[in-house]
Structure formats: structure tokens, C-alpha cells
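Below: one structure, written as C-alpha cells.
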Amino acid sequence: MFPKVRIHVDKIRHNATYLKKLCASQGVDIAAVTKVVCGNPDIAKVILDTGVEMLADSRVRNIIRMREAGINAPMMLVRIPMLSQVPELVDHVDYTLISELETVKRIMQAGGKRKTKFIFMVDVGDLREGLWFDDARETLIKAKEMAGDRLVGIGTNLGCFGGVIPSVENNERLLEVARSCPFDFEIISAGNTAALPLIEEGTLPGGINHYRLGESLMLGSDVTGSRSVPGTVNDGFIIDAEVVEYDEKPSIPIGKTGRDAFGGSPEFEDKGIRKRVILAIGGQDVVPDGLYPVDERMEVLHASGDHTIADVTGTNREFKVGDIISFRVSYSALLKAMTSSYVLKEFVV
Ligand SMILES: *Cc1c(COP(=O)(O)O)cnc(C)c1O
């Protein structure tokens, strides 16, 4: 059955092992972020086997999925919680990122099996979640009064809304907030994948001791830095799609053109007659922009909900209906593929 995502467990194991060691060299513990694989318990177990101690996910549902598969490792919720999910959160989540006192209050009131601990988020410039760094102190003091020992850390997130690149300067801002408080924090959770360069270069300010890693661990990429992370591999997840048509056609449409199926205005370059395949995969299965042909001589031209067209002229190969073409994927394409019920998931061990 196609499309299919092949999950090469050994490659994920490699990345987890490598990143754990890299971060440990600077005194940084990592939480492996499993949201892109919807908290798949088999992948989570492979990661835990490498010695990574904590898992993190954005959805309580994914955390429950891992718990139900018998995983008892500490788990962190990385999307600041909805009040409506507090009752189930407190039985499954060990650490939650937080940015509202009201949520702290409700979690404290709810009790629960896990005695959920708090990492208060501080915004040091990216403009997504967290207390604005300049006036975080007062709120953190209030949070401490409400949560006591259960306020264990502060954290920040960069590279997600504003695309702000983690730097020595913005990490210092986070540490400054920690120092301004009349109590200590056990965990200072600064990073996601975008913050890895600070560790690779050895410039991470001392005191930061926790990273939350998803993209680099699963895919070996860093979209904010537009790079592959050295030492990791990027083919742990491969998508196979099936050819439903192979033909030669002009590279420019004939006739007056309007918008394409999704309202876009595609542009065309005249390359003469080209060999093209139509693949039975589209926006309902992946983010087609994030499909990278394993054979780099192919080029994805366009996609709609169910069809993707690729120019295969460069391969000097003939194709036929039923052939399978393989792609590496971007993080967003992988997220869609793992979430889509139309895509088969196959483990390769
Ligand atoms: C998704 C997420 C991460 C992981 O980010 P990557 O770039 O995939 O490493 C870390 N922190 C938060 C708050 C997240 O939402």
C-alpha cells in the first residue's frame, strides 16, 4: 500500500546517541520531542534505549499513547496547556512548559498522580510563548508562591514564530532572568534544534542545562539555520509514492491560465518536452514542498491534494505505471505523513 513512510529505526538511534553525547559534553540534558511522530511508542522506546532520559510532546494525547504502551520515562508537555486538558494532564505529564499563572493555579488545584512540575517560559525575543524577559521576575515570584518546589525551571523557545536565531546574547537574557529571582532553578531549558550551533561551537553560556530536540533528532535537519546538523543523518524517514502516469509533455501549459487547484499561481519555465511522472501522493498525505527525491536528478514540479508531478528527465531512465519513487522529507512533510491516516507506516529494523 502506498504512499508509505519507511521508518529506519537505526538512523533515529544514531541521531539520538550522537545528540545526547554532543549535548552532554556541555552539561546539557536533552528531552526527545516526539510530536512529529505523534508520540509513536516504538520510536520513543528506541530513543530511550540510547540513554536519553526524557521525552517531550506537544499533545497530551500523544503522551497518553506512550504511557499506554508502558513507557514510564519522565515526559514533558511542550505546548503550553489548555485549561480544558488540565484534568488529564496531571495524571500523565511530569513537566509542563507554562506561561500563565492561571494555568499554574489550576494544575495545583487539580492534584493528580504525577505532581506535574513547571518550567516557566520566558520570551527573549522570538514573540511566541512566554513572559516578556524585561518584566518576568515579578510573575516568577508569584508562580513560586503558588507552586513552591514544583516550579523547577525556566525555559525559552526561539526560531519558531519570529525565526530569531538563538545566540549568546538572547541566552544570556534568559540567565539574567534566572539570576534576578530570589530562588534557584534546577532546569534552564533553552533550546530546540535551532540552538544546537551554540553547543557545536562551544559558546553556550554556562548555566543552561536542558534542550528539547525534535527536528535534529528525527531528521538531522535544522530548518531555522537552513542546514543539516553535522554528525546526524537525514534519511531516517523515507516516503515511497507510486507512479500512476508516465509521459512526455511540454513544460509550459497551453491556453490562458488562471489559478491552480489551491489558488496558487505556478510559474513555468520553457524547457521543451519533458519526461514526467504523476505520483499518487499530495497535500492530504504530506506537505509536497517538503518532498526531496532521493534521486536528486528528479525535480518535484507541482502538487495538489492527491497528485504530485515530478520531472524525471534528468534521470535518463524510463519509468512505468506502478514504479515506486522515494523521497526524503522536511519536518513539516513528516508531520503531515505521520498524522495522515492515508499514509502507511512501516518500520525497518
Ligand atoms: C517543537 C518544540 C521543540 C522542538 O523543536 P525542534 O526544532 O524540533 O528541535 C522544542 N520546544 C518547544 C516548545 C516546541 O514546541
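The values are calculated or read from the model by the stated rules, or taken from the named source; none is laboratory data. Computed from a prediction, not measured in an experiment: that's the story for all the values here. Using ideal geometry, Cβ is built from the backbone for each residue, glycine included, and neighbour counts are taken over all protein chains shown. The protein model used for the area step is the full one, side chains on, heavy atoms only, and it has no ligands, DNA or RNA in it. Shrake-Rupley method; radii C 1.70, N 1.55, O 1.52, S 1.80 Å.
For residue 190, are the conditions met, namely being in a strand (DSSP E or B) and not acidic (Asp, Glu)?
Numbers: in a strand (DSSP E or B): yes; not acidic (Asp, Glu): yes.
Here the answer is yes, as residue 190 does meet what is asked.
Of the residues contained in region 288-298, one or more are found to be under 16 Å from residue 247 (Cβ atoms) and at pLDDT 95 or above. Can you find a residue that is within 16 Å of the ligand (Cβ to nearest atom) and among the aliphatic types (A, V, I, L, M) anywhere in region 127-140? Scanning region 127-140 turns up at least one residue that is within 16 Å of the ligand (Cβ to nearest atom) and among the aliphatic types (A, V, I, L, M).
Do we find a residue being more than 27 Å from the chain's Cα centre (by Cα), of a type outside the set (Gly, Ala, Ser) and modelled with pLDDT under 95 anywhere in region 236-248? Don't jump to the end; show me each part of the working.
Restricting attention to region 236-248, the residues satisfying the condition of being more than 27 Å from the chain's Cα centre (by Cα) are 243-248.
From what is left, the residues that are of a type outside the set (Gly, Ala, Ser) are 243-248.
Checking which are modelled with pLDDT under 95 leaves us with none.
Looking through region 236-248, none of the residues is more than 27 Å from the chain's Cα centre (by Cα), of a type outside the set (Gly, Ala, Ser) and modelled with pLDDT under 95.
Yes/no per residue for (1) touching a Leu at 6+ places or on another chain (Cβ under 7 Å); (2) part of a helix (DSSP H, G or I); (3) open to solvent by less than 40 Å² (accessible area, probe 1.4 Å); (4) assigned by TED's automatic domain parsing to the domain that holds residue 188:
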{"position": "26", "(1), (2), (3), (4)": "yes, no, no, yes"}
{"position": "31", "(1), (2), (3), (4)": "yes, no, yes, yes"}
{"position": "61", "(1), (2), (3), (4)": "no, yes, no, yes"}
{"position": "70", "(1), (2), (3), (4)": "no, no, no, yes"}
{"position": "105", "(1), (2), (3), (4)": "no, yes, no, yes"}
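Taking the conditions (1) in contact with a helix residue (DSSP H, G or I) (Cβ under 7 Å, 6 or more places away or on another chain); (2) assigned by TED's automatic domain parsing to the domain that holds residue 159 in turn, residue 210 satisfies each one other than (1). For first residues located in region 120-135 and within 14 Å of residue 176 (Cα to Cα) and touching a residue at least 40 places away in the same chain (Cβ under 8 Å), partners that are in a strand (DSSP E or B) and away from the ligand (no atom under 14 Å from the Cβ) and lie 6+ apart or on another chain with Cβ distances below 6 Å form the pairs 122/131. For beta carbons closer than 6 Å, sequence separation of 6+ or different chains, a first residue in region 288-311 that is open to solvent by 20 Å² or more (accessible area, probe 1.4 Å) and a second that is among the basic types (Lys, Arg), the qualifying pairs are 292/328; 309/276.
Filtering 80, 47 for residues that are open to solvent by 10 Å² or more (accessible area, probe 1.4 Å), more than 18 Å from residue 339 (Cβ to Cβ) and among the β-branched types (Val, Ile, Thr) leaves a single hit, 80. Note on region 142-161: residues that are out of contact with any Phe, Trp or Tyr (no Cβ under 7 Å at 6 or more places or on another chain) and either within 14 Å of the ligand (Cβ to nearest atom) or among the acidic types (Asp, Glu) (or both) amount to 9.
Hey, can you tell me all the residues within region 261-287 that are among the aliphatic types (A, V, I, L, M), more than 21 Å from residue 221 (Cα to Cα) and open to solvent by 30 Å² or more (accessible area, probe 1.4 Å)? Walk me through it before giving the result.
Filtering region 261-287 down to residues among the aliphatic types (A, V, I, L, M) leaves 261, 273, 277-281, 286-287.
From what's left, more than 21 Å from residue 221 (Cα to Cα): 261, 273, 277-281.
Answer for region 261-287, where residues must be among the aliphatic types (A, V, I, L, M), more than 21 Å from residue 221 (Cα to Cα) and open to solvent by 30 Å² or more (accessible area, probe 1.4 Å): 261, 273, 280.
Taking the conditions (1) open to solvent by 20 Å² or more (accessible area, probe 1.4 Å); (2) part of a strand (DSSP E or B); (3) of a type in the set (Phe, Trp, Tyr) in turn, residue 342 satisfies each one other than (2).
Can you spot a residue in region 167-181 that is in a helix (DSSP H, G or I), within 14 Å of the ligand (Cβ to nearest atom), of a type in the set (Ser, Thr, Tyr) and at negative phi?
no
Among residues of region 193-222 that are within 8 Å of the ligand (Cβ to nearest atom), those with a Cβ under 8 angstrom from a residue that is open to solvent by less than 10 Å² (accessible area, probe 1.4 Å) and charged (D, E, K, R), sequence gap 6+ or separate chain, pair up as 193/222; 194/222; 215/222; 216/222.
Candidates are the residues of region 33-88 that are farther than 17 Å from residue 217 by Cβ and among the charged types (D, E, K, R); the one that is nearest to the ligand (Cβ to nearest atom) is 79. For region 84-101, the tally of residues that are open to solvent by less than 70 Å² (accessible area, probe 1.4 Å) and farther than 21 Å from residue 31 by Cα stands at 3.
Yes or no: residue 69 more than 15 Å from the chain's Cα centre (by Cα) and more than 23 Å from residue 337 (Cα to Cα)? Spell out the reasoning first.
Numbers: more than 15 Å from the chain's Cα centre (by Cα): yes; more than 23 Å from residue 337 (Cα to Cα): no.
Taking the combined requirement at face value, the residue does not satisfy it.
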